[in-house]
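The values are calculated or read from the model by the stated rules, or taken from the named source; none is laboratory data. Computed from a predicted structure; not experimentally measured. Virtual Cβ from ideal backbone geometry, glycine too; neighbours counted across all protein chains shown.
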Amino acid sequence: MTSLAAIDVGSNAIRMAIGSVDSNNNLLVTEDYREAVRLGEDVFKGGFISEEAMRRAEAAFVRFRNIIKTQGVKKVRAVGTSALREARNRDLFLKRILDTSGIRISIISGEEEARLVYAAVAQKFNFRRKLALLVDIGGGSVEILLVRDGDIIVSDSVKMGTVRLLNILGERKRGQKIFYRLIRAYADGLRRQLRKELRHRKIDLCIGTGGNIEAFGDLRSLLLKKNDRTIVNTRELDEIVSRLESLSYEERISKLDLRPDRADVIIPASIMIQELMNQADIKELNIPRVGLKDGILLDMLPDSDRHSPEKHQRQVLAFARELGRKFSFDEEHGLTVSRFAVALFDQTKELHKLPVENRLLLEVAALLHDIGQCININGHHKHSYYLLKAAPFVGLNDREKGIVAVTARYHRKAPPKMDHAEFASLMPEDREIVTKLAAILRLADALDSEHASRVSAFRLTRRKAKITFSLRGNGDLLLERWALASKASLFEETFRCKISVAE
(Lines give C-alpha, C1' and ligand atoms only; values in the text may rest on other atoms or scores of the structure.)
Protein backbone atom coordinates (compact mmCIF):
# COMPACT_ATOMS: atom_id res chain seq x y z
CA MET A 1 0.00 0.00 0.00
CA THR A 2 1.28 3.47 -0.94
CA SER A 3 0.21 6.41 1.22
CA LEU A 4 -0.61 9.87 -0.17
CA ALA A 5 -1.51 13.12 1.60
CA ALA A 6 -3.59 15.99 0.25
CA ILE A 7 -3.81 19.38 1.97
CA ASP A 8 -6.49 21.97 1.23
CA VAL A 9 -5.54 25.45 2.44
CA GLY A 10 -8.99 27.02 2.43
CA SER A 11 -10.40 30.34 3.52
CA ASN A 12 -12.14 28.95 6.63
CA ALA A 13 -9.85 26.05 7.60
CA ILE A 14 -6.85 23.96 6.59
CA ARG A 15 -7.65 20.29 5.95
CA MET A 16 -5.57 17.20 5.27
CA ALA A 17 -6.63 13.78 4.02
CA ILE A 18 -4.40 10.70 3.93
CA GLY A 19 -5.19 7.91 1.51
CA SER A 20 -3.78 4.48 0.75
CA VAL A 21 -3.41 3.13 -2.78
CA ASP A 22 -3.36 -0.63 -3.38
CA SER A 23 -1.75 -2.59 -6.20
CA ASN A 24 -4.89 -2.17 -8.34
CA ASN A 25 -4.67 1.64 -8.07
CA ASN A 26 -7.71 1.82 -5.79
CA LEU A 27 -7.79 4.67 -3.26
CA LEU A 28 -9.02 4.42 0.33
CA VAL A 29 -9.12 7.59 2.46
CA THR A 30 -7.90 6.52 5.88
CA GLU A 31 -7.49 9.75 7.87
CA ASP A 32 -9.01 13.24 7.90
CA TYR A 33 -7.60 16.22 9.80
CA ARG A 34 -8.80 19.80 10.18
CA GLU A 35 -7.18 22.91 11.66
CA ALA A 36 -9.44 25.92 12.31
CA VAL A 37 -7.20 28.56 10.72
CA ARG A 38 -9.39 31.19 9.07
CA LEU A 39 -7.10 32.89 6.54
CA GLY A 40 -10.01 34.54 4.76
CA GLU A 41 -10.96 36.69 7.76
CA ASP A 42 -7.91 38.91 7.27
CA VAL A 43 -7.62 38.67 3.49
CA PHE A 44 -11.23 39.56 2.66
CA LYS A 45 -11.10 42.46 5.10
CA GLY A 46 -7.72 44.05 4.41
CA GLY A 47 -6.00 42.03 1.70
CA PHE A 48 -3.27 40.60 3.94
CA ILE A 49 -2.79 37.49 6.09
CA SER A 50 -2.09 38.61 9.65
CA GLU A 51 0.94 37.55 11.65
CA GLU A 52 -1.27 35.61 14.07
CA ALA A 53 -2.91 33.68 11.23
CA MET A 54 0.50 32.93 9.71
CA ARG A 55 1.78 31.51 12.98
CA ARG A 56 -1.31 29.35 13.40
CA ALA A 57 -0.95 28.09 9.84
CA GLU A 58 2.74 27.30 10.45
CA ALA A 59 1.78 25.30 13.56
CA ALA A 60 -0.87 23.41 11.57
CA PHE A 61 1.62 22.50 8.85
CA VAL A 62 4.22 21.38 11.38
CA ARG A 63 1.57 19.08 12.87
CA PHE A 64 0.68 17.79 9.40
CA ARG A 65 4.36 17.21 8.61
CA ASN A 66 4.80 15.13 11.77
CA ILE A 67 1.72 13.03 10.93
CA ILE A 68 3.00 12.55 7.38
CA LYS A 69 6.35 11.31 8.66
CA THR A 70 4.81 9.03 11.27
CA GLN A 71 2.48 7.42 8.73
CA GLY A 72 5.16 6.98 6.09
CA VAL A 73 3.41 9.06 3.44
CA LYS A 74 5.26 8.89 0.12
CA LYS A 75 3.77 11.86 -1.71
CA VAL A 76 2.22 15.15 -0.54
CA ARG A 77 0.34 17.82 -2.46
CA ALA A 78 -0.92 21.03 -0.86
CA VAL A 79 -3.09 23.60 -2.67
CA GLY A 80 -4.35 27.06 -1.79
CA THR A 81 -7.69 28.46 -2.90
CA SER A 82 -9.59 31.75 -2.68
CA ALA A 83 -7.86 33.41 0.31
CA LEU A 84 -4.37 32.67 -0.97
CA ARG A 85 -5.31 33.67 -4.51
CA GLU A 86 -6.16 37.14 -3.19
CA ALA A 87 -3.66 37.64 -0.33
CA ARG A 88 -1.17 40.37 -1.22
CA ASN A 89 1.44 38.82 1.07
CA ARG A 90 0.89 35.27 -0.15
CA ASP A 91 4.53 34.87 -1.29
CA LEU A 92 5.68 35.48 2.30
CA PHE A 93 3.08 33.00 3.57
CA LEU A 94 4.16 30.32 1.09
CA LYS A 95 7.83 30.81 1.99
CA ARG A 96 7.20 30.60 5.74
CA ILE A 97 5.16 27.41 5.38
CA LEU A 98 7.89 25.88 3.22
CA ASP A 99 10.65 26.92 5.62
CA THR A 100 8.91 25.61 8.75
CA SER A 101 7.35 22.42 7.40
CA GLY A 102 9.10 21.60 4.14
CA ILE A 103 5.69 21.48 2.42
CA ARG A 104 5.24 23.49 -0.77
CA ILE A 105 1.78 24.97 -1.47
CA SER A 106 0.60 25.57 -5.03
CA ILE A 107 -2.20 28.08 -5.61
CA ILE A 108 -4.89 26.84 -7.95
CA SER A 109 -7.53 28.68 -9.97
CA GLY A 110 -11.24 28.49 -9.30
CA GLU A 111 -11.64 26.30 -12.40
CA GLU A 112 -8.98 23.84 -11.19
CA GLU A 113 -10.57 23.81 -7.73
CA ALA A 114 -13.94 22.97 -9.28
CA ARG A 115 -12.40 20.26 -11.47
CA LEU A 116 -10.80 18.55 -8.48
CA VAL A 117 -14.01 18.70 -6.43
CA TYR A 118 -15.87 17.19 -9.38
CA ALA A 119 -13.27 14.40 -9.63
CA ALA A 120 -14.18 13.38 -6.07
CA VAL A 121 -17.92 13.71 -6.64
CA ALA A 122 -17.74 11.68 -9.87
CA GLN A 123 -16.76 8.63 -7.81
CA LYS A 124 -20.11 8.76 -6.03
CA PHE A 125 -22.67 9.36 -8.80
CA ASN A 126 -23.62 8.17 -12.26
CA PHE A 127 -23.86 11.21 -14.54
CA ARG A 128 -24.76 9.31 -17.69
CA ARG A 129 -27.54 11.07 -19.62
CA LYS A 130 -28.03 13.60 -16.82
CA LEU A 131 -27.64 17.33 -16.42
CA ALA A 132 -26.23 17.85 -12.94
CA LEU A 133 -25.68 20.99 -10.89
CA LEU A 134 -22.73 20.88 -8.49
CA VAL A 135 -22.46 23.65 -5.89
CA ASP A 136 -19.36 23.94 -3.70
CA ILE A 137 -19.72 26.58 -0.99
CA GLY A 138 -16.36 27.64 0.39
CA GLY A 139 -15.18 30.40 2.65
CA GLY A 140 -14.08 32.69 -0.16
CA SER A 141 -16.11 31.67 -3.18
CA VAL A 142 -18.99 29.58 -4.45
CA GLU A 143 -18.13 27.25 -7.32
CA ILE A 144 -21.00 26.39 -9.66
CA LEU A 145 -20.61 23.54 -12.13
CA LEU A 146 -22.99 22.20 -14.75
CA VAL A 147 -22.17 18.65 -15.77
CA ARG A 148 -23.77 17.06 -18.81
CA ASP A 149 -23.29 13.33 -19.42
CA GLY A 150 -20.13 13.37 -17.29
CA ASP A 151 -18.51 16.43 -18.90
CA ILE A 152 -18.21 19.83 -17.20
CA ILE A 153 -19.87 22.34 -19.53
CA VAL A 154 -20.05 25.36 -17.22
CA SER A 155 -17.70 26.40 -14.43
CA ASP A 156 -18.36 29.64 -12.58
CA SER A 157 -16.53 30.92 -9.53
CA VAL A 158 -18.49 33.61 -7.64
CA LYS A 159 -16.89 35.65 -4.86
CA MET A 160 -19.66 35.03 -2.34
CA GLY A 161 -18.02 32.62 0.06
CA THR A 162 -19.27 32.41 3.62
CA VAL A 163 -16.27 34.00 5.35
CA ARG A 164 -16.20 36.78 2.76
CA LEU A 165 -19.90 37.59 3.31
CA LEU A 166 -19.49 37.37 7.06
CA ASN A 167 -16.72 39.98 6.90
CA ILE A 168 -18.59 42.23 4.48
CA LEU A 169 -21.94 42.12 6.23
CA GLY A 170 -21.07 41.38 9.86
CA GLU A 171 -23.86 39.62 11.76
CA ARG A 172 -22.79 40.90 15.18
CA LYS A 173 -22.34 44.54 14.25
CA ARG A 174 -25.60 44.80 12.25
CA GLY A 175 -27.88 42.52 14.24
CA GLN A 176 -29.43 39.27 13.09
CA LYS A 177 -32.49 40.54 11.20
CA ILE A 178 -30.59 43.06 9.07
CA PHE A 179 -27.78 40.54 8.51
CA TYR A 180 -30.20 37.90 7.22
CA ARG A 181 -31.84 40.41 4.87
CA LEU A 182 -28.48 41.46 3.49
CA ILE A 183 -27.41 37.83 2.97
CA ARG A 184 -30.60 37.18 0.98
CA ALA A 185 -29.92 40.28 -1.12
CA TYR A 186 -26.43 39.01 -1.92
CA ALA A 187 -27.80 35.53 -2.61
CA ASP A 188 -30.15 37.06 -5.18
CA GLY A 189 -27.07 37.96 -7.22
CA LEU A 190 -26.05 34.32 -7.10
CA ARG A 191 -29.54 33.31 -8.23
CA ARG A 192 -29.30 35.63 -11.24
CA GLN A 193 -25.92 34.15 -12.16
CA LEU A 194 -27.34 30.62 -12.01
CA ARG A 195 -30.37 31.65 -14.05
CA LYS A 196 -28.04 32.95 -16.78
CA GLU A 197 -26.04 29.70 -16.81
CA LEU A 198 -29.05 27.39 -16.78
CA ARG A 199 -30.86 29.06 -19.69
CA HIS A 200 -34.11 27.16 -18.98
CA ARG A 201 -32.40 23.77 -18.76
CA LYS A 202 -33.87 21.27 -16.34
CA ILE A 203 -31.56 19.90 -13.64
CA ASP A 204 -31.72 16.13 -13.11
CA LEU A 205 -29.35 15.95 -10.15
CA CYS A 206 -28.15 18.52 -7.59
CA ILE A 207 -25.03 17.92 -5.49
CA GLY A 208 -23.60 20.08 -2.73
CA THR A 209 -20.08 19.99 -1.27
CA GLY A 210 -18.25 21.84 1.47
CA GLY A 211 -18.25 21.70 5.26
CA ASN A 212 -21.40 23.79 5.62
CA ILE A 213 -23.41 21.59 3.30
CA GLU A 214 -22.22 18.50 5.16
CA ALA A 215 -23.47 20.21 8.32
CA PHE A 216 -26.96 20.31 6.77
CA GLY A 217 -26.88 16.52 6.60
CA ASP A 218 -25.86 16.39 10.27
CA LEU A 219 -28.59 18.86 11.25
CA ARG A 220 -31.15 16.80 9.32
CA SER A 221 -30.26 13.92 11.60
CA LEU A 222 -30.18 16.01 14.78
CA LEU A 223 -33.23 18.23 14.26
CA LEU A 224 -35.46 16.11 12.03
CA LYS A 225 -34.46 12.67 13.36
CA LYS A 226 -33.59 11.35 9.89
CA ASN A 227 -30.94 8.64 9.61
CA ASP A 228 -29.56 9.49 6.17
CA ARG A 229 -27.07 12.39 6.27
CA THR A 230 -26.36 12.31 2.52
CA ILE A 231 -29.56 13.95 1.31
CA VAL A 232 -31.92 16.79 2.22
CA ASN A 233 -35.06 17.96 0.41
CA THR A 234 -36.29 21.54 0.07
CA ARG A 235 -38.95 21.23 2.76
CA GLU A 236 -36.40 19.87 5.23
CA LEU A 237 -33.86 22.53 4.25
CA ASP A 238 -36.43 25.28 4.82
CA GLU A 239 -37.10 23.87 8.27
CA ILE A 240 -33.39 23.65 9.09
CA VAL A 241 -32.77 27.23 7.91
CA SER A 242 -35.73 28.47 9.97
CA ARG A 243 -34.34 26.75 13.08
CA LEU A 244 -30.85 28.17 12.46
CA GLU A 245 -32.18 31.70 12.03
CA SER A 246 -34.17 31.45 15.27
CA LEU A 247 -30.98 30.87 17.27
CA SER A 248 -28.19 33.22 18.23
CA TYR A 249 -24.56 32.44 17.39
CA GLU A 250 -23.99 31.20 20.95
CA GLU A 251 -27.14 29.04 20.83
CA ARG A 252 -26.04 27.43 17.57
CA ILE A 253 -22.94 26.29 19.41
CA SER A 254 -24.61 25.16 22.65
CA LYS A 255 -27.86 23.69 21.28
CA LEU A 256 -26.73 22.32 17.90
CA ASP A 257 -23.19 21.37 18.90
CA LEU A 258 -21.70 23.36 16.01
CA ARG A 259 -18.04 24.38 16.13
CA PRO A 260 -17.52 28.14 16.68
CA ASP A 261 -16.03 28.46 13.18
CA ARG A 262 -19.07 26.70 11.72
CA ALA A 263 -21.80 28.37 13.78
CA ASP A 264 -21.29 31.77 12.14
CA VAL A 265 -20.69 30.83 8.50
CA ILE A 266 -23.51 28.28 8.30
CA ILE A 267 -26.14 31.03 8.02
CA PRO A 268 -24.76 32.54 4.77
CA ALA A 269 -24.26 29.02 3.39
CA SER A 270 -27.79 27.89 4.25
CA ILE A 271 -29.41 30.94 2.69
CA MET A 272 -27.33 30.65 -0.48
CA ILE A 273 -28.07 26.97 -1.07
CA GLN A 274 -31.74 27.60 -0.30
CA GLU A 275 -31.91 30.38 -2.92
CA LEU A 276 -30.02 28.32 -5.52
CA MET A 277 -32.31 25.33 -5.10
CA ASN A 278 -35.37 27.55 -5.45
CA GLN A 279 -33.97 29.18 -8.59
CA ALA A 280 -33.19 25.84 -10.26
CA ASP A 281 -36.48 24.27 -9.10
CA ILE A 282 -34.58 21.49 -7.30
CA LYS A 283 -36.40 19.33 -4.79
CA GLU A 284 -33.47 17.39 -3.38
CA LEU A 285 -29.85 18.11 -2.49
CA ASN A 286 -27.35 15.23 -2.49
CA ILE A 287 -24.46 15.45 -0.02
CA PRO A 288 -21.62 13.07 -0.99
CA ARG A 289 -19.38 14.19 1.91
CA VAL A 290 -16.30 14.54 -0.26
CA GLY A 291 -14.42 17.67 -1.22
CA LEU A 292 -11.31 19.24 -2.64
CA LYS A 293 -8.83 17.17 -0.64
CA ASP A 294 -10.45 13.96 -1.91
CA GLY A 295 -10.16 15.20 -5.48
CA ILE A 296 -6.49 16.05 -4.93
CA LEU A 297 -5.83 12.49 -3.74
CA LEU A 298 -7.53 11.05 -6.81
CA ASP A 299 -5.50 13.36 -9.04
CA MET A 300 -2.29 12.08 -7.42
CA LEU A 301 -2.93 8.47 -8.38
CA PRO A 302 -0.58 6.95 -10.95
CA ASP A 303 -1.68 7.14 -14.59
CA SER A 304 -5.12 5.68 -15.01
CA ASP A 305 -8.21 6.03 -17.15
CA ARG A 306 -9.16 9.32 -15.47
CA HIS A 307 -5.99 10.91 -16.93
CA SER A 308 -6.47 9.52 -20.45
CA PRO A 309 -5.90 11.96 -23.36
CA GLU A 310 -9.25 10.92 -24.83
CA LYS A 311 -11.17 11.90 -21.68
CA HIS A 312 -9.25 15.15 -21.41
CA GLN A 313 -9.95 16.02 -25.05
CA ARG A 314 -13.65 15.23 -24.68
CA GLN A 315 -13.91 17.39 -21.57
CA VAL A 316 -12.10 20.36 -23.10
CA LEU A 317 -14.15 20.28 -26.31
CA ALA A 318 -17.45 19.87 -24.44
CA PHE A 319 -16.62 22.93 -22.35
CA ALA A 320 -15.52 24.87 -25.44
CA ARG A 321 -18.77 24.17 -27.31
CA GLU A 322 -20.86 25.31 -24.33
CA LEU A 323 -18.75 28.46 -24.05
CA GLY A 324 -19.36 29.16 -27.73
CA ARG A 325 -23.11 28.70 -27.27
CA LYS A 326 -22.99 31.17 -24.40
CA PHE A 327 -21.78 33.78 -26.90
CA SER A 328 -24.21 32.63 -29.65
CA PHE A 329 -21.45 31.50 -32.02
CA ASP A 330 -21.99 29.92 -35.43
CA GLU A 331 -21.57 26.37 -34.18
CA GLU A 332 -21.64 24.67 -37.57
CA HIS A 333 -18.91 26.96 -38.90
CA GLY A 334 -16.83 26.50 -35.73
CA LEU A 335 -17.05 22.73 -35.97
CA THR A 336 -16.20 22.78 -39.67
CA VAL A 337 -13.15 25.00 -39.20
CA SER A 338 -11.94 22.94 -36.22
CA ARG A 339 -12.26 19.75 -38.28
CA PHE A 340 -10.26 21.29 -41.12
CA ALA A 341 -7.67 22.71 -38.70
CA VAL A 342 -6.84 19.37 -37.10
CA ALA A 343 -6.74 17.72 -40.54
CA LEU A 344 -4.22 20.36 -41.65
CA PHE A 345 -2.25 19.87 -38.44
CA ASP A 346 -2.05 16.14 -39.11
CA GLN A 347 -1.12 16.53 -42.78
CA THR A 348 1.65 19.08 -42.12
CA LYS A 349 3.46 17.41 -39.22
CA GLU A 350 6.76 17.41 -41.09
CA LEU A 351 6.46 21.16 -41.59
CA HIS A 352 5.32 22.43 -38.17
CA LYS A 353 7.09 19.80 -35.99
CA LEU A 354 4.86 20.72 -33.02
CA PRO A 355 4.18 18.35 -30.10
CA VAL A 356 0.83 16.57 -30.37
CA GLU A 357 -0.67 18.40 -27.35
CA ASN A 358 -0.85 21.57 -29.49
CA ARG A 359 -3.38 19.82 -31.74
CA LEU A 360 -6.09 20.21 -29.08
CA LEU A 361 -5.20 23.90 -28.53
CA LEU A 362 -5.59 24.49 -32.26
CA GLU A 363 -8.90 22.63 -32.28
CA VAL A 364 -10.27 24.83 -29.48
CA ALA A 365 -9.00 28.05 -31.07
CA ALA A 366 -10.58 27.02 -34.39
CA LEU A 367 -13.89 26.13 -32.76
CA LEU A 368 -14.13 29.49 -30.97
CA HIS A 369 -12.25 31.83 -33.32
CA ASP A 370 -15.36 33.88 -34.16
CA ILE A 371 -16.98 34.26 -30.72
CA GLY A 372 -15.97 37.92 -30.67
CA GLN A 373 -18.70 38.59 -33.23
CA CYS A 374 -21.18 38.70 -30.35
CA ILE A 375 -19.60 42.04 -29.41
CA ASN A 376 -18.97 43.48 -32.87
CA ILE A 377 -18.31 42.09 -36.34
CA ASN A 378 -15.65 44.73 -36.87
CA GLY A 379 -12.46 43.73 -35.11
CA HIS A 380 -14.10 40.55 -33.87
CA HIS A 381 -10.75 38.71 -33.86
CA LYS A 382 -9.61 41.03 -31.05
CA HIS A 383 -12.88 40.56 -29.18
CA SER A 384 -12.43 36.79 -29.50
CA TYR A 385 -9.05 37.16 -27.81
CA TYR A 386 -10.45 39.18 -24.90
CA LEU A 387 -13.36 36.78 -24.33
CA LEU A 388 -11.16 33.68 -24.42
CA LYS A 389 -8.55 35.25 -22.19
CA ALA A 390 -11.14 36.26 -19.59
CA ALA A 391 -13.37 33.18 -19.65
CA PRO A 392 -12.91 30.31 -17.18
CA PHE A 393 -11.84 27.16 -18.98
CA VAL A 394 -11.92 23.72 -17.37
CA GLY A 395 -9.16 21.48 -18.70
CA LEU A 396 -6.74 24.20 -19.83
CA ASN A 397 -4.16 25.92 -17.64
CA ASP A 398 -3.40 29.64 -17.95
CA ARG A 399 -0.57 29.09 -20.42
CA GLU A 400 -2.68 26.87 -22.67
CA LYS A 401 -5.61 29.26 -22.50
CA GLY A 402 -3.28 32.09 -23.50
CA ILE A 403 -2.08 30.17 -26.56
CA VAL A 404 -5.69 29.46 -27.57
CA ALA A 405 -6.74 33.10 -27.13
CA VAL A 406 -3.82 34.57 -29.10
CA THR A 407 -4.16 31.96 -31.86
CA ALA A 408 -7.85 32.88 -32.28
CA ARG A 409 -6.90 36.57 -32.33
CA TYR A 410 -4.70 35.96 -35.40
CA HIS A 411 -7.19 34.03 -37.51
CA ARG A 412 -7.56 37.15 -39.69
CA LYS A 413 -6.10 40.59 -40.41
CA ALA A 414 -2.53 41.43 -39.31
CA PRO A 415 -0.06 38.59 -38.64
CA PRO A 416 1.58 38.17 -35.21
CA LYS A 417 3.90 41.07 -34.37
CA MET A 418 6.08 41.92 -31.39
CA ASP A 419 4.43 45.34 -31.11
CA HIS A 420 1.14 43.58 -30.31
CA ALA A 421 1.03 43.37 -26.50
CA GLU A 422 -0.85 40.06 -26.38
CA PHE A 423 1.75 38.39 -28.64
CA ALA A 424 4.78 39.98 -26.97
CA SER A 425 3.58 38.84 -23.53
CA LEU A 426 3.98 35.18 -24.51
CA MET A 427 7.11 33.18 -23.81
CA PRO A 428 9.38 32.93 -26.89
CA GLU A 429 8.57 29.24 -27.43
CA ASP A 430 4.84 30.00 -27.17
CA ARG A 431 5.13 32.80 -29.72
CA GLU A 432 6.51 30.23 -32.17
CA ILE A 433 3.62 27.86 -31.39
CA VAL A 434 1.01 30.60 -31.86
CA THR A 435 2.51 31.70 -35.18
CA LYS A 436 2.38 28.16 -36.55
CA LEU A 437 -1.11 27.45 -35.22
CA ALA A 438 -2.45 30.77 -36.52
CA ALA A 439 -1.00 30.03 -39.96
CA ILE A 440 -2.88 26.71 -40.01
CA LEU A 441 -6.07 28.26 -38.62
CA ARG A 442 -6.17 30.90 -41.38
CA LEU A 443 -6.18 28.20 -44.05
CA ALA A 444 -8.82 26.17 -42.20
CA ASP A 445 -11.03 29.26 -41.92
CA ALA A 446 -10.54 30.00 -45.63
CA LEU A 447 -11.91 26.55 -46.50
CA ASP A 448 -15.26 27.63 -45.02
CA SER A 449 -15.01 31.33 -45.80
CA GLU A 450 -18.70 31.67 -46.61
CA HIS A 451 -19.90 29.61 -43.60
CA ALA A 452 -21.64 27.37 -46.15
CA SER A 453 -19.78 24.06 -45.57
CA ARG A 454 -19.27 23.63 -49.33
CA VAL A 455 -15.86 21.96 -48.92
CA SER A 456 -16.38 18.40 -47.72
CA ALA A 457 -12.75 17.22 -47.74
CA PHE A 458 -9.30 18.14 -48.97
CA ARG A 459 -5.91 16.57 -49.53
CA LEU A 460 -2.44 18.12 -49.49
CA THR A 461 0.35 17.17 -51.86
CA ARG A 462 3.84 18.38 -51.04
CA ARG A 463 6.64 18.63 -53.56
CA LYS A 464 9.73 20.34 -52.20
CA ALA A 465 8.62 23.87 -51.26
CA LYS A 466 5.22 23.68 -52.94
CA ILE A 467 1.98 22.51 -51.27
CA THR A 468 -1.05 21.86 -53.44
CA PHE A 469 -4.61 21.68 -52.09
CA SER A 470 -7.02 19.31 -53.79
CA LEU A 471 -10.58 20.22 -52.75
CA ARG A 472 -13.76 18.15 -52.83
CA GLY A 473 -17.22 19.55 -52.27
CA ASN A 474 -20.31 21.17 -53.73
CA GLY A 475 -20.08 23.54 -56.70
CA ASP A 476 -17.00 25.11 -58.29
CA LEU A 477 -15.59 26.26 -54.89
CA LEU A 478 -14.29 29.46 -56.49
CA LEU A 479 -14.76 31.52 -53.32
CA GLU A 480 -12.93 28.94 -51.22
CA ARG A 481 -10.05 28.81 -53.73
CA TRP A 482 -9.82 32.59 -53.68
CA ALA A 483 -9.94 32.66 -49.86
CA LEU A 484 -7.13 30.09 -49.63
CA ALA A 485 -4.93 32.18 -51.88
CA SER A 486 -5.72 35.40 -49.99
CA LYS A 487 -5.05 33.91 -46.54
CA ALA A 488 -1.95 31.86 -47.41
CA SER A 489 0.74 34.48 -46.77
CA LEU A 490 1.32 33.74 -43.06
CA PHE A 491 1.54 30.00 -43.77
CA GLU A 492 3.92 30.57 -46.68
CA GLU A 493 6.18 32.91 -44.68
CA THR A 494 6.16 30.70 -41.56
CA PHE A 495 6.90 27.43 -43.33
CA ARG A 496 8.81 28.82 -46.32
CA CYS A 497 6.65 27.23 -48.94
CA LYS A 498 4.19 28.13 -51.70
CA ILE A 499 0.45 27.31 -51.58
CA SER A 500 -1.50 26.45 -54.71
CA VAL A 501 -4.93 24.96 -55.38
CA ALA A 502 -5.47 22.20 -57.92
CA GLU A 503 -8.05 22.87 -60.65
So for segment 234-246 (the condition being within 26 Å of the chain's Cα centre (by Cα) and modelled with pLDDT of 95 or more), does at least one residue qualify?
no
For residue 125, state whether it is closer than 26 Å to residue 20 by Cα and in contact with a Phe, Trp or Tyr (Cβ under 9 Å, 6 or more places away or on another chain).
no
Test: residue in segment 184-203 that is among the hydroxyl-bearing types (Ser, Thr, Tyr) and farther than 23 Å from residue 11 by Cα
no
Of the conditions (1) under 17 Å from residue 453 (Cβ atoms); (2) surrounded by 16 or more Cβ atoms within 10 Å (Cβ to Cβ); (3) of a type outside the set (Val, Ile, Thr), residue 332 satisfies every one except a single condition; which number is it?
(2)
Going through segment 261-289 in order, the residues found to be among the β-branched types (Val, Ile, Thr) and either touching a strand residue (DSSP E or B) at 6+ places or on another chain (Cβ under 7 Å) or part of a helix (DSSP H, G or I) (or both) are 266, 267, 271, 273, 282, 287
Within segment 471-491, the residues that are touching a strand residue (DSSP E or B) at 6+ places or on another chain (Cβ under 6 Å) and in a helix (DSSP H, G or I) are 480, 481, 484
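For (1) of a type in the set (Ser, Thr, Tyr); (2) under 17 Å from residue 95 (Cα atoms), each residue gets a yes or a no:
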position	(1), (2)
19	no, no
30	yes, no
39	no, yes
61	no, yes
If we scan segment 93-106, do we find a residue that is in contact with a Gly (Cβ under 9 Å, 6 or more places away or on another chain), surrounded by fewer than 16 Cβ atoms within 10 Å (Cβ to Cβ) and at pLDDT 95 or above?
yes
Reported set for segment 54-91 where residues are among the small types (Gly, Ala, Ser) and in contact (Cβ under 8 Å) with a residue 40 or more places away in the chain is 57, 60, 72, 78, 80, 82, 83, 87
For segment 459-470, check the following and say yes or no: at least one residue is farther than 19 Å from residue 342 by Cα and either at pLDDT 95 or above or not assigned by TED's automatic domain parsing to the domain that holds residue 353 (or both).
yes
Of (1) in contact (Cβ under 8 Å) with a residue 40 or more places away in the chain; (2) within 18 Å of residue 348 (Cβ to Cβ); (3) not aromatic (Phe, Trp, Tyr), residue 486 satisfies every one except (2)
Restricting segment 1-47 to residues that are among the charged types (D, E, K, R) and buried (at least 16 other Cβ atoms within 10 Å of the Cβ), the one farthest from residue 260 (Cα to Cα) turns out to be 8
What helices (runs of 4 or more DSSP H), lying completely within segment 370-455, carry at least 3 residues that are touching a Leu at 6+ places or on another chain (Cβ under 7 Å), buried (at least 18 other Cβ atoms within 10 Å of the Cβ) and small (Gly, Ala, Ser)?
398-409, 428-446
Please go through segment 279-298 and give me each residue that is more than 18 Å from the chain's Cα centre (by Cα) and acidic (Asp, Glu), ordered by number.
281, 284
Quick check, is residue 276 among the hydrophobic types (A, V, I, L, M, F, W, C) and modelled with pLDDT of 95 or more?
no
Check whether at least one residue in segment 431-450 is more than 30 Å from residue 119 (Cα to Cα), at pLDDT below 95 and not hydroxyl-bearing (Ser, Thr, Tyr), and report yes or no.
yes
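Listed here are the residues, each with its yes/no results for (1) in contact (Cβ under 8 Å) with a residue 24 or more places away in the chain; (2) within 16 Å of the chain's Cα centre (by Cα); (3) in the same structural domain as residue 466 (by TED's automatic domain parsing).
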residue	(1), (2), (3)
315	yes, yes, yes
343	yes, no, yes
346	no, no, yes
366	yes, no, yes
Are any residues in segment 58-87 surrounded by fewer than 21 Cβ atoms within 10 Å (Cβ to Cβ), of a type outside the set (D, E, K, R) and closer than 24 Å to residue 142 by Cβ, and if so, which ones?
none
Check segment 303-310 and report whether any residue there is surrounded by 15 or more Cβ atoms within 10 Å (Cβ to Cβ) and either in a loop (DSSP other than H, G, I, E, B) or touching a helix residue (DSSP H, G or I) at 6+ places or on another chain (Cβ under 9 Å) (or both).
no
Failed item, numbered, when residue 251 is tested on (1) acidic (Asp, Glu); (2) modelled with pLDDT under 95; (3) assigned to a helix (DSSP H, G or I)
(2)
Selection from segment 216-225 of residues farther than 16 Å from residue 273 by Cα and in a helix (DSSP H, G or I) yields 221, 222, 223, 224
Within segment 253-271, can one find any residue that is more than 30 Å from the chain's Cα centre (by Cα) and either crowded, with 17+ Cβ neighbours inside 10 Å or not assigned by TED's automatic domain parsing to the domain that holds residue 214 (or both)?
yes
